[in-house]
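One structure is given below, encoded as structure tokens.
The values are calculated or read from the model by the stated rules, or taken from the named source; none is laboratory data. These figures come from a predicted structure and were not determined experimentally. Using ideal geometry, Cβ is built from the backbone for each residue, glycine included, and neighbour counts are taken over all protein chains shown. When the accessible area is computed, the model is the full protein with side chains, heavy atoms only, and any ligands, DNA or RNA have been set aside. Shrake-Rupley method; radii C 1.70, N 1.55, O 1.52, S 1.80 Å.
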Number of protein chains: 2
Amino acid sequence: MHPLSQTATIRTGTSAPPAVLGRPTLASIFLGRPVESFEAGETVFWQGEAAREVFELAEGCLRLCRILPDGRRVVTGFIYAGAVVGVAVGSRHDCSAEAVTPVRLRRIDRRAFHAEVDRSDELRPQLLAMIQAEVSAAQAHIIMLGCKTAEERVATFLVTVAQRTGADLKSPVQIQLPMTRRDIADFLGLTLETVSRIMSKFKRDGLIAPVVQRTIRLRRMQFLQELTGEFDEDDGFTGCPRMASAH
Amino acid sequence: MHPLSQTATIRTGTSAPPAVLGRPTLASIFLGRPVESFEAGETVFWQGEAAREVFELAEGCLRLCRILPDGRRVVTGFIYAGAVVGVAVGSRHDCSAEAVTPVRLRRIDRRAFHAEVDRSDELRPQLLAMIQAEVSAAQAHIIMLGCKTAEERVATFLVTVAQRTGADLKSPVQIQLPMTRRDIADFLGLTLETVSRIMSKFKRDGLIAPVVQRTIRLRRMQFLQELTGEFDEDDGFTGCPRMASAH
DNA sequence: CGCACAGTTGATTCGGCTCAAAGCCTGTGG
DNA sequence: CCACAGGCTTTGAGCCGAATCAACTGTGCG
């Protein structure tokens, strides 16, 4: 029902026999733990707080943000249903996690989580892979902030969200943007006005079309991907790991 | 002899009995492997190349950089002696590693490395801690690129390098900057001219003083830390994990 | 209805980029 | 030993992309 719950959400009643008999996943560690709900705007954990627990987002969308002493804010990432948060941090959270939409999640003690992972030959590589994906996303973010123009950043953001849906990126994709312009701006290192202006320009140019509030349709994916600045005519979108190879 | 080999460099002749009998570390996995040398400017591994091996930097300094199709460059990080590189990546390197100074390193097959770590109850948490530090550094980089001014970025860079030396940050610190202005600029998301101008300004203001070529002395650490934008008068430098706590 | 909040759009400003020209080391060869 | 070349750095002048400041338009919601 909620927006952005398109990815594989683990829906398991406490009574239903969990998938523990099948292949264990990181998410399965949270089975049996009570589900908590947060209203949009509520904070799940705070920057600077001791990182005693890890969380599994069952439904909704979180923003991870960090505030500088003088009030400047950076959104370091958006978290969607199915993801596990709070693993790759030290003893304290370096950012706050705030609910963008109504959120449902489970939590478990960090030590217990790590003990469980450490015990399983199947889970250990999964954890590593998860953290690698996190590093990879951070890297991509650094590239964006380090050298892309405002237009390229917005295009990159839209394409990234579209990729997350798993849809075929050749044809038009419909995406949800539950976060505000300010959230997007703080994620992209821009102002909300600049984000708004560029979205308007993309609409004028027929690249995107509003569907309903906070839902848009990406109409010309190919062109959008070229606008990200990472598109090479010969080899296509060279997102994170792939690269223009020597012919 | 080489600059920037201030951190604990693992110096072990192949004949000397390695520290394997003591507590194993990630670095000890590389003991016995042959040491390779690279000239300044040479590339250790390439962006897009299959990531088949991990590396332990014994001496010197590497820059990790990523090139966009149109030639823009981002330096995602500098690696110093003692560090292990190439672990937290997927199947392909998402950036190249180039020698800033003459470099000496050891390499080992990724699978072998991971097998070794996976086998040891002591090494597994060390690997996790290492990757967490990497995530933390990436986060700090994102903050910097996301909302800091040019002056704050340069100050942050200088303070970060100073922290790495492990010196007491109250008193003046002497640091090596083996990389070029362009490297620093590409790391900070600025142009080399801007970096140069700001360094000149810091010199004029008595914050830093040149010692010899590529070596400077940070004379007023407190003030430099305030310039980073992460300094809070009450609680001091709120670098990565710590945070202004509720009193 | 009226308030609060998100988003859009316009006018103006400014920080950092671009372009250009010297300075400065380091190495090299006569 | 000096002259010269090439790369790195510094400094200046002008410009531009995005920020800032400000007004206005939806869009829920009590």
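In table form, for the structure just shown:
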| quantity | calculated |
| --- | --- |
| Residue within region B:58-81 that is hydrophobic (A, V, I, L, M, F, W, C) and within 20 Å of residue A:129 (Cα to Cα) present | no |
| Residue match in region A:142-154 (condition: surrounded by fewer than 16 Cβ atoms within 10 Å (Cβ to Cβ) and touching a residue at least 60 places away in the same chain (Cβ under 8 Å)) | yes |
| Criterion violated by residue B:112 - all others in (1) more than 11 Å from every other protein chain (Cβ to nearest Cβ); (2) touching a residue at least 60 places away in the same chain (Cβ under 8 Å); (3) aliphatic (A, V, I, L, M) satisfied | (2) |
| Within region B:36-75, considering residues that are among the charged types (D, E, K, R) and assigned to a loop (DSSP other than H, G, I, E, B), the one nearest to the other protein chains (Cβ to nearest Cβ) | B:72 |
| Out of B:30, B:78, sole residue that is in contact with a strand residue (DSSP E or B) (Cβ under 7 Å, 6 or more places away or on another chain), within 14 Å of chain A (Cβ to nearest Cβ) and crowded, with 21+ Cβ neighbours inside 10 Å | B:78 |
| Residue satisfying all of: in region A:167-199; closer than 19 Å to residue A:66 by Cα and among the acidic types (Asp, Glu); nearest to DNA strand C (Cβ to nearest atom) among these | A:183 |
| Among (1) touching a Lys or Arg at 6+ places or on another chain (Cβ under 8 Å); (2) touching a residue at least 60 places away in the same chain (Cβ under 8 Å); (3) among the hydroxyl-bearing types (Ser, Thr, Tyr), the one test that residue B:96 misses | (2) |
| Subset of region B:200-227 that is within 13 Å of DNA strand C (Cβ to nearest atom) and open to solvent by less than 40 Å² (accessible area, probe 1.4 Å) - its residue that is nearest to the other protein chains (Cβ to nearest Cβ) | B:227 |
| Matching residues, region B:174-199, being among the hydrophobic types (A, V, I, L, M, F, W, C), open to solvent by less than 40 Å² (accessible area, probe 1.4 Å) and either within 12 Å of DNA strand D (Cβ to nearest atom) or not assigned by TED's automatic domain parsing to the domain that holds residue B:156 (or both) | B:177, B:179, B:184, B:185, B:190, B:195, B:198, B:199 |
| Pairs, first more than 26 Å from residue B:145 (Cβ to Cβ) in region A:165-188, second within 9 Å of DNA strand C (Cβ to nearest atom) and open to solvent by 30 Å² or more (accessible area, probe 1.4 Å), C-beta under 7 Å, six or more apart | A:176/A:214 |
| Cross-chain or 6+ apart pairs with Cβ under 8 Å, region B:121-132 first and assigned by TED's automatic domain parsing to the domain that holds residue B:87, then surrounded by fewer than 13 Cβ atoms within 10 Å (Cβ to Cβ) | B:122/B:23 |
| Positions within region A:124-150 being in contact with a Pro (Cβ under 9 Å, 6 or more places away or on another chain) and either farther than 26 Å from residue B:93 by Cβ or within 8 Å of chain B (Cβ to nearest Cβ) (or both), in sequence order | A:136 |
| Checklist (1) at the interface with chain B (Cβ under 10 Å from one of its Cβ atoms); (2) among the basic types (Lys, Arg); (3) touching a residue at least 12 places away in the same chain (Cβ under 8 Å) applied to residue A:107, failing item | (1) |
